[in-house]
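J.: Following this message is one structure expressed as structure tokens.
The values are calculated or read from the model by the stated rules, or taken from the named source; none is laboratory data. These numbers were taken from a predicted model, which means no experiment stands behind them. Cβ placement follows ideal geometry from the backbone for every residue including glycine, while neighbour counts extend to all protein chains displayed.
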Amino acid sequence: MRTGIVVFPGTWSDRDCAHAVGEVLGQAARYVDHREERLDDLDLVILPGGFSYGDYLRCGAIARFAPVMDAVTEFANRGGLVLGICNGFQILQEARLLPGALLRNASCEFRCEWVNLRVEQSQSAFTLNCRPGQVLRIPISHGEGNFFADAETLEAIERNGQVVFRYCAPDGRLTAESNPNGSLGNIAGIANDRGNVVGMMPHPERACEALLGGSDGLAVFRSAIHALARVAV
Amino acid sequence: MTYRAEVFVTLKPVVNDPAGLTIKGGLHALGFDSVTDVRAGKYLVVTLDADDEDQARARVEEMTRQLLANAVIEDYRIQLQVAAEPVTAGQRPA
């Protein structure tokens with residue numbers, strides 16, 4: 001799996017992603033500068049977490065106009081796999097590659113903690129190796145991850161099965177206490193209607209080794225490898 | 001002509017505003033019990049050159065739609081005026 005990890009000014013999780021994909025999973029990975037305009041050599045593009053352009057104006061608002069984003073949009077429209085993590089999720093929404101928006105956490109606090117995620121569907125390229133109802137333990141680290149969409153959009157997302165992950169209790173129940181940021185429907189991650197673009201607030205790249213507290217995040221990247229192998233067959 | 005546009009960006013009424021709620025709580029704590037609601041937003045001042053007011057307004061509308069506000073969650077209001085002559089050294093008002 002040839003992976004590109006996009007680096008904007010202010011991106012901070014690029015090296016974690018490169019470590020998870022390159023070192024832990026042994027896949028080819030390279031950094032993609034925000035000024036690059038060609039992604040033809042890649043199978044997967046990751047928009048990592050961070051504070052691109054200082055999160056000025058709105059999270060992801062400026063990054064959306066970086067030269068590389070035209071290429072990312074074209075790549076996504078061609079069916080290329082795109083994973084937006086945290087700030088990357090915010091950027092994908094600003095670029096209208098995913099619906100909705102991420103507001104300030106309801107608590108007004110930055111939350112950095114392990115959460116439980118219930119896998120809602122296994123059709124997306126990043127949940128292919130999971131089973132619906134499976135609970136993954138993955139950390140979050142954000143101040144603005146409060147998923148919002150207007151009623152009509154939310155209804156469409158739910159009806160189309162685009163919700164990929166929800167914050168849940170360890171046993172998979174959806175509770176208010178397990179929702180760390182006030183997201184509507186406990187939504188932690190969504191896919192586009194085609195399933196090749198996924199955005200998620202939790203950081204799977206930080207849950208890829210037991211030594212670091214858990215390896216449930218590997219399922220996300222292994223699903224992408226599986227999805228690509230399936231296309232190639 | 002140089003114009004000065006003030007752009008007020010606010011969360012849509014249906015969008016929960018935790019910052020506004022927190023500020024309201026702070027005002028209540030200070031004894032301003034009469035406060036029933038606070039909405040926090042952004043205030044931007046854009047100075048631009050344009051041929052006339054219509055062109056200036058159209059440009060500010062366009063830049064607000066494209067970047068300054070996110071239509072998924074925000075509303076905006078624009079106030080436009082001809083920019084005052086810049087005050088230069090030696091012309092400072094007394």
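J.: Are any of the residues in segment A:45-62 under 24 Å from residue A:228 (Cα atoms) and of a type in the set (Val, Ile, Thr)?
T.: We begin by selecting, within segment A:45-62, every residue under 24 Å from residue A:228 (Cα atoms); these are A:45-49.
From what is left, the residues that are of a type in the set (Val, Ile, Thr) are A:45-46.
Looking through segment A:45-62, at least one residue is under 24 Å from residue A:228 (Cα atoms) and of a type in the set (Val, Ile, Thr).
J.: Next question, about the same structure. Using beta carbons and a limit of 9 Å, which pairs, at least six apart or on different chains, have the first residue in segment A:57-71 and more than 9 Å from every other protein chain (Cβ to nearest Cβ) and over 20 Å from residue B:64 (Cα atoms) and the second one hydroxyl-bearing (Ser, Thr, Tyr) and in a loop (DSSP other than H, G, I, E, B)?
T.: none
J.: Scan segment B:10-60 for residues that are within 16 Å of residue B:76 (Cβ to Cβ) and among the charged types (D, E, K, R) and jot them down.
T.: B:12, B:17, B:39, B:42, B:57, B:59
J.: Residue A:91 versus (1) under 21 Å from residue A:13 (Cα atoms); (2) within 14 Å of chain B (Cβ to nearest Cβ); (3) assigned to a loop (DSSP other than H, G, I, E, B); (4) modelled with pLDDT of 95 or more: which is the lone unmet condition?
T.: (3)
J.: Give me the residue from segment A:101-135 that is aliphatic (A, V, I, L, M) and within 14 Å of chain B (Cβ to nearest Cβ) and, out of that set, surrounded by the fewest Cβ atoms within 10 Å (Cβ to Cβ).
T.: Here the answer is A:106.
J.: Here is a list: A:126, A:165. Which entry is aromatic (Phe, Trp, Tyr) and part of a loop (DSSP other than H, G, I, E, B)?
T.: Being aromatic (Phe, Trp, Tyr) and part of a loop (DSSP other than H, G, I, E, B) holds for just one of A:126, A:165, which is A:126.
J.: Specify which of the listed residues (B:49, B:17) is among the acidic types (Asp, Glu), surrounded by 11 or more Cβ atoms within 10 Å (Cβ to Cβ) and within 18 Å of residue A:144 (Cα to Cα).
T.: From the options B:49, B:17, the qualifying one is B:17.
The rows are residues; the columns are (1) within 12 Å of chain A (Cβ to nearest Cβ); (2) farther than 22 Å from residue A:109 by Cβ; (3) under 18 Å from the mean Cα position of the chain (by Cα).
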residue	(1), (2), (3)
B:22	yes, no, no
B:31	no, yes, no
B:39	no, no, yes
B:42	yes, no, yes
B:50	no, yes, no
B:54	no, yes, no
B:58	no, yes, yes
B:63	yes, yes, yes
B:69	yes, yes, yes
